[in-house]
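Shown next, in structure tokens, is the structure this report addresses.
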Amino acid sequence: MAAPSAIAELMRDLGEALNTNPDLLFLGGGNPALIPEAGDIFSRHLQALLNDKALVQRWLGVYQSPQGSESLLPLLSQYLQDQGWPVSAKNLVVVNGGQSAFNRLFNLLGGPSVKGTQRIHLPMLPEYVGYRGQMIGGDAFAVSRPIIALESEHRFRYKLDRSALVLDEHSGALCLSRPTNPSANVVDLEDVRWLEGEAKRWGIPMLVDCAYGAPFPNIMAPSQAYRWRPGSVAVLSASKLGLPGLRTAVVVADEELASLLAHVGAVENLASGNTGPLLLESLIASGDIHRLTQLIPEYYQPKRKLMLALLDEHLQDVPYRIHGADGAFFVWLWLPNLPVSAKVLYQRLKARNVLVMAGNDFFFGEEASWQHARECLRLNICQSDQAMAEAVAIIASEIKALYSKAK
Ligand SMILES: Cc1ncc(COP(=O)(O)O)c(C=O)c1O
């Protein structure tokens with residue numbers, strides 16, 4: 001944990017851009033947009049909670065149970081059942097954020113064990129950089145490269161390479177973010193079911209990270225919604241609804257694993273915070289959660305369109321490719337044969353007050369031997385239209401300068 005870390009660097013950049021130097025053009029970390037209509041809904045609910053004096057006493061003055069709030073869990077389980085998830089309250093555990101959920105899951109299911117080191121399989125790179133550096137005793141990930149499908153002159157898509165996945169008795173779990181951070185990919189449901197089948201064959205869980213997906217915040221096509229199945233683990237987070245400050249997530253797992261996660265939570269943290277679960281309960285009970293899961297994807301749609309249009313306009317003279325922008329709030333840019341590493345490009349952009357994410361660290365070490373992994377940038381679409389336009393103009397000028405210098 002003390003080792004150099006891409007996620008720690010990312011959060012440092014984020015803190016600087018959003019808290020201390022707001023003049024930076026911030027297309028970097030994964031902070032959601034501040035959506036005024038969502039903010040109004042949150043304020044209204046929080047105000048109503050504050051008006052209930054008895055509730056405020058419990059809110060501030062009582063530790064939550066290890067599994068989570070007794071009033072939230074049945075309500076949340078009904079909400080998930082309504083979306084076709086075969087769950088009961090016993091399958092749910094409230095956690096202080098998805099990051100913390102993955103820390104517990106990776107360390108329970110992977111790393112040193114009596115059977116030797118168990119690996120967490122990431123079946124499709126690039127994958128969420130925040131998974132790295134979490135495992136006690138050193139990361140034990142087994143990663144697979146995807147198939148790169150070229151879709152048109154300036155578009156491409158990663159596809160699962162089923163032949164690249166090799167599970168064995170040292171496999172502890174599979175893990176996939178869907179929509180995927182960073183590529184904005186939404187892996188085909190058929191492939192997810194195939195991965196779940198492979199996991200089942202080896203008696204291990206498939207972890208599906210729904211941070212950006214269904215049921216909330218739902219920043220993806222509804223027809224592609226994942227539904228949890230026994231044997232798998234889904235991690236839901238309130239962060240990308242617009243609530244990263246509350247640090248609230250929910251893990252959906254088989255009862256035995258759910259109660260183990262609750263046990264670990266008590267050891268690690270005594271209890272999770274009360275504010276997020278209380279607000280989530282209020283949003284679900286009132287039905288406003290449905291309003292949010294409509295308005296949030298609607299908010300990002302024109303932003304995504306604008307980012308694609310800006311890139312297409314400004315990058316005309318370079319050999320760029322953009323990944324199919326299926327979900328989440330990122331656009332993933334591939335610059336084939338980029339003359340320098342994307343990390344160098346990141347530094348050059350930072351010097352010009354533009355923060356992006358270099359793609360390298362999303363490739364879990366493969367960047368050393370795979371040129372593609374040094375040629376990508378992740379751009380978020382959460383800033384004002386003006387900031388996005390200014391940032392893309394600077395990004396394009398740096399990219400053009402690099403390519404033309406190499407000619
Ligand atoms: C794919 C993915 N998973 C999990 C997380 C963790 O989010 P949180 O801890 O805020 O729930 C993030 C945050 O950016 C993410 O992008």
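The values are calculated or read from the model by the stated rules, or taken from the named source; none is laboratory data. Owing to the predicted nature of the structure, the values given are computational and were not obtained by experimental measurement. Every residue, glycine among them, receives a Cβ derived from its backbone with ideal geometry; neighbour counts consider all protein chains shown. Just the protein is used for accessible areas: all its heavy atoms, side chains included, with ligands, DNA and RNA removed. Shrake-Rupley method; radii C 1.70, N 1.55, O 1.52, S 1.80 Å.
Observations on the structure shown:
- Of the trypsin sites (Lys or Arg not before Pro) in the range 100-167, the ones in a loop by DSSP (not H, G, I, E or B) with at most 11 other beta carbons within 10 Å are Lys115.
- Per-residue HN-Hα couplings for the range 160-165 [Karplus 6.51, -1.76, 1.60; θ = phi - 60°; Hz; x = Gly/Pro]: 5, 9, 4, 6, 7, 8
- For the chain, the longest principal axis of the alpha carbon atoms and the long axis of helix 6-15 meet at an angle near 90°.
- If the Kirkwood radius is taken over C-alpha pairs of the range 83-169, then at 4 °C and 1.567 mPa s the Stokes-Einstein diffusion coefficient equals 83 µm²/s.
- The gain in end-to-end length when the Val344 to Glu313 segment is fully stretched comes to 8.8 nm, 0.36 nm per residue minus the alpha carbon separation.
- For the range 38-48, backbone phi angles converted through the Karplus equation (6.51, -1.76, 1.60; θ = phi - 60°) give residue-by-residue couplings of 5, x, 5, 4, 4, 4, 4, 5, 5, 4, 4 Hz, Gly and Pro being listed as x.
- Database remark: amide H of Phe156 closer than 5 angstrom to the amide H of Glu151, Ile322, His323, Gly324 (H placed geometrically; neighbours at sequence offset of 5 or more, or on other chains; Pro and chain starts carry no H).
- Computed with a 1.4 Å probe over protein heavy atoms only, the accessible surface of the range 63-286 comes to 37 Å² per residue.
- Once exposed loop GluC sites (Glu not before Pro) are cut out (DSSP; at most 16 other Cβ, 10 Å), longest piece of the chain: 170-407
- The angle between the Cα long axis of helix 72-82 and the main principal axis of the chain comes to about 60°, on a 0 to 90 degree scale.
- Rounded percent of accessible protein surface that carbon and sulfur make up, the chain, 1.4 Å probe: 53 percent
- Taking 7 Å steps out from each Cα toward its Cβ at Trp370 and Ser397 produces label points 3.4 nm apart.
- Cα-derived Rg over Rh, computed across the range 310-360 with Rh taken as Kirkwood radius: 0.95
- The range 63-286, dipole about Cα centre (Lys/Arg Cβ +1, Asp/Glu Cβ -1), debye to the nearest 20: 220 debye
- The lysine pair count for the chain, using Cα distances under 22 Å and pairs eight or more places apart or on different chains, is 10.
- With 0.36 nm allotted per residue and the present C-alpha distance subtracted, the Lys115-Ser65 stretch has 14.7 nm of extension available.
- Antiparallel DSSP beta bridges within the chain, percent to nearest 5: 60 percent
- Compactness of the chain is given as radius of gyration and Dmax, 21.0, 70 Å, from Cα positions.
- Cα coordinate range in the range 109-249, projected on the principal axes (Å, largest first): 44, 40, 28
- HN-Hα J in Hz across the range 119-126 - Karplus 6.51, -1.76, 1.60, θ = phi - 60°, x for Gly and Pro: 9, 9, 8, 9, x, 8, 7, x
- Potential lengthening between Asn21 and Gln294 on full extension [0.36 nm per residue; Cα-Cα distance subtracted]: 95.1 nm
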